[in-house]
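Peer 1: Structure incoming, see below.
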Amino acid sequence: MAEPVERIEPRQPPLMEKLVSLAKRRGFFFQSSEIYGGLQGFWDFGPLGVTLRNNVRRAWWRTMVELRDDVVGLESTLIMHPRTWVASGHVENFTDPLVECKTCHQRFRADHVRGRVHAEDGGEFTEPRRFNLMFKTFVGPAEDSSAQVYLRPETAQGQFVDFANVLNATRMRPPFGIAQMGKAFRNEITPGNSIFRLREFDLMEMEYFVPPAEEMRWLDYWKEERLRWHVSLGIRPDKLRLRAHSKDELAHYASGAFDVEYEFPFGWSELEGIAARGSYDLSAHQQASGRDLSYFDDLKRERYVPHVVEPAVGVDRVMLTLLIDAYREEEVRGEQRVVLRFHPSIAPVQVAVLPLSRKEQLIETAKRVEHELRPYFRTEYDDTQSIGKRYRRQDEIGTPYAVTVDFETAQDQGVTIRSRDEMTQVRVPISGLRQAMADRLP
Ligand code: ATP
């Protein structure tokens with residue numbers, strides 16, 4: 001008898017299904033081009049999703065660039081000279097092992113389906129072959145090989161190719177970093193787990209250039225820094241861990257790498273990668289372009305090609321992690337509620353202002369209160385549905401505080417602040433509301 005085989009289950013873990021449904025219902029994310037049947041590996045971000053992503057990007061940029069004096073920013077193009085990708089090794093090596101089901105001809109990544117058969121028809125797989133993940137397109141009107149270019153599969157090559165320009169323009173000296181955020185494209189063989197693995201995604205990458213002898217020290221530094229950053233977004237520390245890459249996982253030029261992993265509903269998986277890349281990229285571009293990409297240290301009077309430590313993380317994967325980590329189903333006084341316990345610094349809405357009923361006077365006061373808070377916090381005004389339903393909606397989108405204007409307000413000039421997590425209600429005067437919110441929100 002054949003060995004028992006694990007089947008490829010198309011079903012997602014229940015938590016993922018619930019999240020995808022919440023994400024769609026509340027406007028975090030939904031399938032791209034859904035009315036045409038969707039496109040696998042491509043997702044759109046709705047109103048709350050955009051805000052959450054911008055908060056993630058802002059937090060990254062603030063930590064990695066603005067609050068440091070050794071990192072500067074860059075925005076390079078999504079399409080670069082095709083020789084970039086030859087020199088970087090992507091044309092030759094940016095491949096995944098591809099297998100095909102012999103019966104139905106569906107394709108899979110070999111390392112994702114090892115030892116399994118295809119569940120739908122029991123078919124066996126072919127031997128793996130290498131499949132390049134870069135999307136190809138053409139520049140200009142001629143569709144021949146001389147016009148062929150690639151959509152970038154990472155942002156990092158921009159930092160390497162522009163290294164000398166940045167060095168000259170800023171007078172930075174190693175150790176220093178160049179950070180970039182932006183779209184990247186990978187023609188993943190098996191995209192999936194909603195926005196975990198996409199074909200079009202958003203990367204945040206920082207290339208940190210160091211004297212060769214300091215590379216391992218900086219790898220150690222950045223893995224701790226990056227782990228700390230995820231904790232600062234409110235992700236539970238016991239769901240995060242650092243995993244060192246084993247020797248056979250490392251790219252041939254890499255001298256060490258760590259993943260920040262998160263315990264997703266489908267198991268521990270990579271959230272962020274931090275890699276020591278040696279002088280591989282700068283040396284490769286120096287050789288291919290004939291341009292000098294070395295650095296002359298005029299204090300020590302020595303010339304060297306800097307080594308690089310790279311933390312790289314996807315906005316989408318951080319977003320998914322934040323949603324999963326914040327998701328709770330709770331029973332309060334016999335009633336079920338779903339809550340996203342977002343950290344207030346990244347919650348799409350920080351304060352919801354709700355009139356208890358649609359009485360004109362309440363609406364007027366509530367709108368005024370919301371306008372007064374708006375310049376300082378991410379606010380939302382809502383007067384639809386019953387107050388209970390509105391609280392439930394705010395819980396589901398992760399709003400940490402709701403301010404309610406009620407029938408007493410006209411008499412006492414006060415409002416009630418309801419806390420999402422403690423479900424407590426405190427009365428404060430409208431005149432002290434802004435300060436009361438500032439005390440609660442970072
Ligand atoms: P894998 O082996 O899982 O395909 P990788 O190790 O090649 O991924 P890296 O190149 O290290 O991935 O990517 C750095 C980071 O970019 C990842 O930790 C992840 O946050 C994000 N990322 C990479 N690929 C994707 C993708 N297809 N969709 C969404 N995010 C991605």
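The values are calculated or read from the model by the stated rules, or taken from the named source; none is laboratory data. All figures in this text were calculated on a predicted structure; none of them were measured in a lab. As a convention, Cβ positions derive from the backbone with ideal geometry for all residues, glycine included, and neighbour counts pool all protein chains shown. Heavy atoms of the whole protein, side chains included, go into the accessibility calculation; ligands, DNA and RNA do not. Shrake-Rupley method; radii C 1.70, N 1.55, O 1.52, S 1.80 Å.
Peer 1: What does the C-alpha gyration tensor say about the overall shape of region 143-245? Classify as rounded when a/c is under 1.5, otherwise prolate if a/b is larger than b/c, or oblate.
Peer 2: Details: a/c = 2.28, a/b = 1.06, b/c = 2.15.
Taking the square roots of the gyration eigenvalues as a ≥ b ≥ c, region 143-245 is oblate.
Peer 1: When only the heavy atoms of the protein chains count and the probe is 1.4 Å, how do Val20, Val166 rank by accessible area, highest first?
Peer 2: Details: Val20 40, Val166 15 Å².
My answer, sorted largest first, is Val20, Val166.
Peer 1: Looking at Ile417, Gln385, Val353, which one has the Cα that reaches farthest to the positive end of the dipole of region 349-440 (charges on Cβ: Lys, Arg +1; Asp, Glu -1)?
Peer 2: Working it through, the farthest residue towards the positive pole turns out to be Gln385.
Peer 1: Pick from Arg333, Arg390, Arg152: which is most flexible by mean-square fluctuation in a GNM of the chain where alpha carbon atoms under 10 Å apart are linked?
Peer 2: Arg333
Peer 1: Using only the alpha carbons of the chain, what is the convex hull's orientation-averaged projected area in square nanometres? If you can, show how the numbers build up before the last one.
Peer 2: Values: hull surface 112.6 nm².
Directional mean of the projected Cα hull area for the chain stands at 28.1 nm².
Peer 1: Here's something else I'd like to know. Are there chymotrypsin sites (Phe, Trp or Tyr not before Pro) in region 177-284 that DSSP puts in a loop and that have at most 16 other Cβ atoms within 10 Å, and which ones?
Peer 2: On the way: sites: Phe185, Phe196, Phe201, Tyr208, Phe209, Trp218, Tyr221, Trp222, Trp229, Tyr253, Phe258, Tyr262, Phe266, Trp268, Tyr280; in loops: Phe196, Tyr253, Phe266.
Within region 177-284, the qualifying chymotrypsin sites (Phe, Trp or Tyr not before Pro) (loop, at most 16 other Cβ atoms within 10 Å) are Tyr253, Phe266.
Peer 1: Now, a different point. Using only Cα atoms, what is the ratio of the radius of gyration of region 165-312 to 2.2 N^0.38 Å? Intermediate values should be presented prior to the final figure.
Peer 2: Working: Rg = 17.1 Å, N = 148, 2.2 N^0.38 = 14.7 Å.
For region 165-312, the normalised Cα radius of gyration comes out at 1.16.
Peer 1: Quick one: how many lysine pairs in the chain have C-alpha atoms under 29 angstrom apart, if they're 8 or more apart or on different chains?
Peer 2: Here the count comes out as 18.
Peer 1: Can you list the trypsin sites (Lys or Arg not before Pro) in region 60-137 that are in a DSSP coil and have 15 or fewer other beta carbons within 10 angstrom?
Peer 2: Numbers: sites: Arg62, Arg68, Arg83, Lys102, Arg107, Arg109, Arg114, Arg116, Arg129, Arg130, Lys136; in loops: Arg68, Lys102, Arg114.
Listed in order of number, the matching sites are Arg68, Lys102, Arg114.
Peer 1: Return the FRET efficiency for the residue pair Glu372, Val139: r is the Cβ-Cβ distance, R0 is 41 Å, and the value is rounded to the nearest 0.05.
Peer 2: Working: r = 51 Å, r/R0 = 1.25.
For R0 = 41 Å, the calculated efficiency reads 0.20.
Peer 1: Could you rank Asp406, Asp44 by how accessible they are, 1.4 Å probe, largest area first? Provide the component values of the computation, followed by the final result.
Peer 2: Values: Asp406 25, Asp44 65 Å².
Result, largest first: Asp44, Asp406.
Peer 1: So what are the ³J(HN,Hα) numbers for region 257-266, from phi and the Karplus equation (6.51, -1.76, 1.60; θ = phi - 60°), rounded to whole Hz, Gly and Pro as x?
Peer 2: 7, 10, 10, 7, 10, 10, 7, 6, x, 9
Peer 1: A follow-up question, please. Could you compute the net charge surrounding Glu302? Neighbours are other residues with a C-beta less than 14 Å from the C-beta of Glu302; K and R count +1, D and E count -1. If you can, show how the numbers build up before the last one.
Peer 2: Values: positive: Arg173, Lys300, Arg301, Arg303; negative: Glu214, Asp297, Asp298.
So the environment of Glu302 carries a net charge of +1.
Peer 1: Next question. From Cα pairs below 8 angstrom and at least 6 apart in sequence, can you work out the relative contact order of region 154-254, rounded to a whole percent? Please list the in-between numbers first.
Peer 2: Working: 82 pairs, mean separation 24.2, N = 101.
After rounding, I find 24 percent.
Peer 1: Same structure again: Could you state how much accessible area Thr77 has, in square angstrom rounded to the nearest 10, with a 1.4 Å probe and all protein chains kept in place?
Peer 2: Here the residue's solvent-accessible area equals roughly 80 Å².
Peer 1: Using the alpha-carbon centroid of each, what span in Å lies between region 150-206 and region 326-349?
Peer 2: Each part's Cα centre sits 34 Å from the other's.
Peer 1: How would you classify region 298-389 from its alpha-carbon gyration tensor, with a ≥ b ≥ c the square roots of the eigenvalues: rounded for a/c under 1.5, else prolate if a/b is greater than b/c, otherwise oblate? Write out the running numbers ahead of the final one.
Peer 2: Numbers: a/c = 5.38, a/b = 2.10, b/c = 2.56.
Since a/c reaches 1.5 but b/c is at least a/b, the shape of region 298-389 is classed as oblate.
Peer 1: Seen from all sides and averaged, what is the projected area of the convex hull of the Cα atoms in region 337-439, in nm²?
Peer 2: Working: hull surface 23.3 nm².
Its average projected convex-hull area is 5.8 nm².
Peer 1: Using a cut-off of 12 Å between beta-carbons, work out the net charge of the residues near Val260 (Lys and Arg +1, Asp and Glu -1, Val260 not included). Could the numbers behind the result be given before it?
Peer 2: Details: positive: Lys223, Arg226, Arg228, Lys239, Arg241, Arg243, Arg317; negative: Glu224, Glu225, Asp259, Glu261, Glu263, Glu270, Glu272.
Cβ neighbours under 12 Å give a net charge of 0.
Peer 1: Next question. Could you give the angle, 0 to 90 degrees to the nearest 10, between helix 280-289's Cα long axis and the longest principal axis of the Cα atoms of the chain?
Peer 2: Taking the Cα atoms of the chain, the angle to 280-289 is about 60 degrees.
Peer 1: If you don't mind, another one. Identify the GluC sites (Glu not before Pro) of region 319-425 meeting these criteria: DSSP loop state and at most 10 other C-beta atoms within 10 Å of the C-beta.
Peer 2: Glu422
Peer 1: Tell me the net charge near Gln287. Cut-off is 15 Å between Cβ atoms, Gln287 excluded, with +1 for each Lys or Arg and -1 for each Asp or Glu.
Peer 2: On the way: positive: Arg83, Arg291; negative: Glu92, Asp281, Asp292.
Net of charged neighbours comes to -1.
Peer 1: Order the following by accessible area, largest value first: Ser232, Ser146. Probe radius 1.4 Å; ligands, DNA and RNA are ignored.
Peer 2: Reading off the accessible areas and sorting them downward yields Ser146, Ser232.
Peer 1: Rounded, prolate or oblate: which fits region 99-182 when a ≥ b ≥ c are the square roots of the eigenvalues of the alpha-carbon gyration tensor, with rounded for a/c under 1.5 and prolate only if a/b beats b/c?
Peer 2: Details: a/c = 4.71, a/b = 2.02, b/c = 2.33.
Oblate is the answer for region 99-182, as a/c is 1.5 or above yet b/c matches or exceeds a/b.
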